[in-house]
Structure formats: C-alpha cells, structure tokens
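So the structure is just underneath, and the comments pick up after that.
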Amino acid sequence: MMCQLSQAARRCPDGGLDGVEVLDAIRSAVRDGFLISLRFTANEFIEGGITEEDGIAIAKIHAASGLVDCLNVSGAANWTKAGVAETVPSMAFPAGRFAELAGKVRRATGLPVLHAAGVGDLATANFAVSEGHVDLIGMTRAQIAGPHMVRKHLDGKDEEIRPSVGAGYCIDRILRGGDGLCLHNAATGRETVLSYNTGTAPGRLKIVITGAGPAGLEAARLCAGRGHSVTVLEAQSDPGGQVAYAARIPWRQNIIGITRWLYARCEALGVSFRFNTYAETEDILQLSPDVVILATGGMPEMGPISGGEALGHSVWEILSGEVAPKGEVLVYDETGGQSGPTAAEFLAAAGARVTLMTPDRMIAEDAGVTNHAIHLRNLYAGGVDIWPDKRLASLQRSDGRISATVITEYGG
Ligand SMILES: Cc1cc2nc3c(=O)[nH]c(=O)nc-3n(C[C@H](O)[C@H](O)[C@H](O)COP(=O)(O)O)c2cc1C
Ligand code: SF4
C-alpha cells in the first residue's frame, strides 16, 4: 500500500494535479465519516524553503477546502540530510521543538492538530496538549523503545516505561533498508525470538554479573525480574560502561538515559552492586554463584599499524579525560562508527586543532543519517579537517612531536 501511495503521489504532478485535487480524489474514494489527516511541514527552517507564513497559508487552503479532518504538523526540510535529522529529531534537539509551530497552525485553521517530533515522554506530551498547542501527540520512538507504554501508564507503572533516548538507531537503520531495531531495547524488532515479558523463573538462582555497562545492567534487570538473586561487580565507581564515554559531548548526553534507566530498574528489583571492584576469579567464586555472566565489554583496538601504536591513545582515554592532548591532534578512525567523530568533537571543543582521518570514503560511514548530519555540522563548526580515504601506516616520534605516515587508500 505504501508503495502504491508513493507511486500515485509521484504521478500526480505529471498528471497536472495539485495537492487539493489529490485530496479531492481521496475524499471521493472513501466512505462518509472516514477521517483524512494531512501531514505536512509548516516551516522548513531553510533559506528559500517553506516559511512559517507559507506553512500557515498552506494549512488555511487545506482547511478551507473541507477535505481534511486533521492536520499533522511537522517541521524542517526533510529533503535534505540535515533536515531529516530535525524531522526525526535526534538527541541533539530539545523535546517537542515544533509543538509551538503546530499550535500556530491549530489556531490559524481551527482544525484538530496532531504532532509527532521528539516528544519522548508522557509529561511533555501532556504539556503540549494541556497548553493547547495540539490535540493529539504522536509518540513513535517512545513506543519503539517502550512498548506497552500506554498500558504501563494506566497501571500506574510509569517508571517501568523504557524511555527513548533519541539515539536514532531505529530510523537510521530503516532509512538504509534495515529492520527497525532499538539501541535501548534489544527485544524490539526481534519479538519472535525475544520476549518483553520474561515471566518468573521456576527456581531462584544466585547470579553474578561482571560489568555494569548496558549489557551487564540489562542482564541484571532481566534476571532479577525473573526472581533470581543478582550481584553485579563493576571495576569503575559508577554504572554506564562505554555509554558514559559516548555521553561526554553535549549533544549526545541523553544516551546516558539508557544506563540510568537500567540501573534504576535494577535498584528497584533489588540487584546488589559492588563498584570499584575489578573482579578476579576468587571474587566471583567467593559469592558461590550458580551462574556467572561476563559482561565486561571489549577493549580499544589500537592497530594494526606498522609501528608506533604505543604513541597513540584510545578514544576511551580521550573521552574519560585520562589524556588531554593539546595543539594539533590526529584522530584516526577505522571503525566507521560514532566514536571517532565523538572524540574529534570533544577535542575540538577543548581547543585542539583536529584532523579526523579515516580509510573509509567518509567519516562515520556506518552512522545513519540522523546522527551523521549532526556530527558533520559540529565537526565543521569546530574547524575539524576531515580526511577520507587515508590509512595510518605508522607513528614516529621526531623533534619532540609525533609524526604520522599516511597512505592514500586508493594510491596516489
Ligand atoms: C522507525 C520509524 C519509521 C517511520 N516511518 C514514517 C513514515 O512512514 N511516514 C512518516 O510520515 N513518518 C515516519 N516516521 C517519522 C515519525 O512519524 C515521527 O515524525 C518521528 O519519528 C518523530 O517523532 P518521535 O520523536 O515520536 O519518534 C518514522 C519514524 C521512525 C522512528
Ligand atoms: S533506537 Fe534510539 S531513538 Fe530509536 S527508539 Fe530506540 S532509543 Fe529511541
């Protein structure tokens, strides 16, 4: 159906139809009382694009036509990559950013208005409705991360609703033809093999988990929820693991909501935590566990290069503040993920002159559009030089500085 709709929409301008004529055709094709809602951008926030004034004028035309029952107001120019990152707002944007715009359309047309863009929690949704900005709030990612949100709310269990943190992993995958998985909720999109409701175990086991990062915390939450006795041993003084590092740049701070929520749920379920405990075999055996879960995560990969690995530092060392390089800094990223650009942004904000280099055709090649666009925006704003197609061959110390030998991935 989606495919037929989009093909039909594409044929409309060729056939000389404008938006109102299309709606006319839809109205005459449906039974009386069938609700038609029109989704549109009321302000593209881009030079030469639809302004708020245009958006309200467009809305008034549709309202006067009598062909639509409801307007679904959005914002930003999602025909650009930066605009997609705003329409399905990542954690870089404040909650409910276009709610006031929706309210202006509502007041100008008198039509019921629906709005869905970055309203991730029920308090914000309630505020947007009670302040009269909108009649209906759409909460897409809130329910991808927190399925059964409405039932949990009605049962008075808001604290059990897993919040969407705006990581954009779901939409970024979908826009590349992948399935809609969630960074926060491993069961979403895998419902046939993973259940949201894991029930109660037939017997109570003693479970020891090493690592209070997202994997260890999720394992602890699930095990404690099934009635087991759970102890988590963590080397650091706080929970979070690598998520705490990812949250070190301002626009990605909300990602810490993943481990915050998991930790709060673990505490509510009676999980016991021992921080500042680097677990050795004896520490684990002393607890006489029935089951041990190792969730200590990976280690940074520093190679392979043909010499000088020890002169470099890992993203962990940079983002934890353990190492704070000044002056000219080369950030080299072979992973294609978000850790390289995150480190580059972090260093540039601290005053370093940063070059971000990758053997890939572009930086953060594996990051989807809603995250990639924000990294690029911030890297350009921070004056970071971006070097694609370059591979780090080796590092040497010379004249009190570290020099890098770089080869071009495709010759030349
Ligand atoms: C996985 C996913 C699929 C989406 N598919 C559509 C779609 O087919 N049509 C559409 O107009 N918006 C689509 N959207 C955008 C949402 O309708 C909504 O505008 C956006 O996610 C922002 O709202 P939220 O913060 O509640 O997620 C999609 C969003 C997500 C996350
Ligand atoms: S992937 Fe991120 S943005 Fe998408 S639903 Fe999960 S937490 Fe929300």
Point to revise | Any hit, the stretch 55-71, residues being of a type in the set (Val, Ile, Thr) and either within 29 Å of the chain's Cα centre (by Cα) or within 29 Å of LEU183 (Cβ to Cβ) (or both) | key: no
Check your understanding: HIS313 versus (1) farther than 18 Å from GLY383 by Cα; (2) touching a Pro at 6+ places or on another chain (Cβ under 9 Å); (3) part of a helix (DSSP H, G or I); (4) free of Cβ contacts under 8 Å to residues at least 60 places away in the same chain: which is the lone unmet condition?
Key -> (3)
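I'd like the residue in the stretch 153-166 that is among the aliphatic types (A, V, I, L, M) and more than 10 Å from ligand 2 (Cβ to nearest atom) and, out of all such residues, is surrounded by the most Cβ atoms within 10 Å (Cβ to Cβ).
Residues of the stretch 153-166 that are among the aliphatic types (A, V, I, L, M), as a first pass: 154, 161, 165.
Now narrow it down to the ones that are more than 10 Å from ligand 2 (Cβ to nearest atom): 154, 161.
Details: LEU154: 9, ILE161: 21.
Among those residues, the one meeting the criterion is ILE161.
So if I check each of ARG190, ARG173, which one is within 16 Å of ligand 1 (Cβ to nearest atom) and either in contact with a Lys or Arg (Cβ under 6 Å, 6 or more places away or on another chain) or assigned to a helix (DSSP H, G or I) (or both)?
One residue alone meets the criteria, ARG173.
The rows are residues; the columns are (1) more than 16 Å from ligand 2 (Cβ to nearest atom); (2) surrounded by fewer than 23 Cβ atoms within 10 Å (Cβ to Cβ).
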position	(1), (2)
ALA82	yes, yes
ALA95	no, yes
ARG151	yes, yes
GLY168	no, no
Practice item. May I ask you to verify whether ARG204 is outside any loop (DSSP other than H, G, I, E, B), surrounded by fewer than 18 Cβ atoms within 10 Å (Cβ to Cβ) and touching a residue at least 12 places away in the same chain (Cβ under 8 Å)? Key: no
Practice item. Name every residue in the stretch 170-206 that is charged (D, E, K, R) and in contact with a Leu (Cβ under 9 Å, 6 or more places away or on another chain), in order of residue number. Key: ARG173, ARG190, LYS206
Point to revise | Residues satisfying the stated conditions in the stretch 224-233, i.e. in contact with a Ser or Thr (Cβ under 9 Å, 6 or more places away or on another chain) and either under 19 Å from ASN197 (Cβ atoms) or crowded, with 23+ Cβ neighbours inside 10 Å (or both) | key: GLY225, ARG226, GLY227, VAL230, VAL232, LEU233
Exercise for review: Under 6 Å between Cβ atoms, at least 6 apart or on separate chains: pull out the pairs that start in the stretch 153-177 with a residue that is not assigned by TED's automatic domain parsing to the domain that holds ASP366 and end on any residue that is basic (Lys, Arg).
Suggested key: GLU160/LYS152; ILE161/LYS152; SER164/ARG141
**Study point:** Single residue of the stretch 26-79 satisfying the filter (in a helix (DSSP H, G or I) and small (Gly, Ala, Ser)) that is nearest to ARG97 (Cα to Cα)
**Key:** GLY55
Revision key, fill the gap. Pairs returned, first residue in the stretch 323-335 that is closer than 10 Å to LEU347 by Cβ, second residue that is among the aliphatic types (A, V, I, L, M) and assigned to a loop (DSSP other than H, G, I, E, B), beta-carbon separation under 7 angstrom, 6 or more apart or interchain, are ALA324/ALA350; PRO325/ALA352; LYS326/ALA352; VAL329/ALA352
Check your understanding: Restricting to the stretch 287-311, what's the tally of residues that are farther than 30 Å from ALA145 by Cβ and at pLDDT 95 or above?
Key -> 4
Revision key, fill the gap. Per the filter on the stretch 112-145, residues assigned to a loop (DSSP other than H, G, I, E, B), more than 11 Å from ligand 1 (Cβ to nearest atom) and not aliphatic (A, V, I, L, M) are PRO112, GLU131, GLY132, HIS133, ASP135
Check your understanding: Counting residues that are of a type in the set (S, T, N, Q), which strands (runs of 3 or more DSSP E) fully inside the stretch 324-412 reach at least 3?
Key -> 390-398, 401-408
Exercise for review: Answer yes if at least one residue in the stretch 346-359 is under 22 Å from GLY83 (Cα atoms) and not aliphatic (A, V, I, L, M), and no otherwise.
Suggested key: no
Review point. Got a sec? Which of GLY180, GLY216 is away from ligand 2 (no atom under 16 Å from the Cβ), under 22 Å from the mean Cα position of the chain (by Cα) and not aromatic (Phe, Trp, Tyr)?
Key: GLY216
Review point. Restricted to the stretch 176-187, and to residues that are over 16 Å from GLU218 (Cα atoms) and of a type in the set (Gly, Ala, Ser), which residue is farthest from ligand 1 (Cβ to nearest atom)?
Key: GLY177
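The values are calculated or read from the model by the stated rules, or taken from the named source; none is laboratory data. Please read all numbers here as calculations on a predicted model, not as lab measurements. All Cβ positions, even for glycine, are placed from backbone atoms using ideal geometry, and neighbour counts span all protein chains on display.
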